[in-house]
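Visitor: Dropping a structure here in structure tokens format, bear with me for questions.
The values are calculated or read from the model by the stated rules, or taken from the named source; none is laboratory data. Here the structure is a predicted model, which is why all the values come from computation and not from measurement. A quick note on method: Cβ atoms are made from the backbone with ideal geometry, for glycine too, and the neighbour counts reach across all protein chains shown. Calculation scope for accessible area: heavy atoms of the full protein, side chains included, ligands and nucleic acids excluded. Shrake-Rupley method; radii C 1.70, N 1.55, O 1.52, S 1.80 Å.
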Amino acid sequence: MKLTLQILMLSIIDFLIIWSWFYYVDPDPSISIAVVIIYPLLFFINLLAGVILWLTKKRNLSLLFIINSVVTVIIASFLWPNAIRRHQSRIWISYSFPHNAKNYHISIHKPDHTFMITESVNPGSSSSFQEGICNYESGKIILKTDSTRYIIEHDVLTGFTKNKIQLKKE
């Protein structure tokens, strides 16, 4: 029972440290490959601590860190994708909708107030349809190009066609 409680306490500490680290790093999807380094690093740090404790004759703590080497990787593998999703939702707003046998995707980049609309006929292929600037006014998102103006309000797009289009937020 004592070992279980120690593993639980160490897991909570690991969770807080790893969450803080990933929050600080704020990983972009382009660095997802970093898990090839992060997971083994976490595993070997705990394993090294376990071996050092074993050599210093602290066998109970040694076992704790050896078990924790696996637990830490499990925690990190849960937190990493969530950190990427957090990053994406912090800087992007994305919508999609079908129209005239095509699928459209609206990507709004929050930091520079720009947007891009892409269209796709087949899954896996898309082409740029429009790009422009984006403003926020009274709960509405205004998308403007040189010749068009679209409004998104409550996940509904107006100005793209004569009818309002229900958007799917992604």
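Visitor: Being touching a helix residue (DSSP H, G or I) at 6+ places or on another chain (Cβ under 9 Å), without any contact (Cβ under 8 Å) to a residue 24 or more places away in the chain and aliphatic (A, V, I, L, M) is the filter; apply it to region 30-44 and report the residue that is surrounded by the most Cβ atoms within 10 Å (Cβ to Cβ).
Guide: Per the criteria, the residue is A34.
Residues checked against (1) among the charged types (D, E, K, R); (2) assigned to a loop (DSSP other than H, G, I, E, B); (3) under 26 Å from the mean Cα position of the chain (by Cα):
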site	(1), (2), (3)
L53	no, no, no
I66	no, no, no
V73	no, no, yes
A76	no, no, yes
I93	no, no, yes
N103	no, no, yes
G124	no, yes, yes
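Visitor: Residues of region 132-170 being under 18 Å from H99 (Cα atoms), open to solvent by 70 Å² or more (accessible area, probe 1.4 Å) and either in a strand (DSSP E or B) or in contact with a helix residue (DSSP H, G or I) (Cβ under 7 Å, 6 or more places away or on another chain) (or both), which ones?
Guide: Matches in region 132-170: R149, Q166, K168, K169.
Visitor: I need the full set of residues from region 55-64 which are assigned to a helix (DSSP H, G or I), open to solvent by 50 Å² or more (accessible area, probe 1.4 Å) and polar (S, T, N, Q), in order please.
Guide: N60
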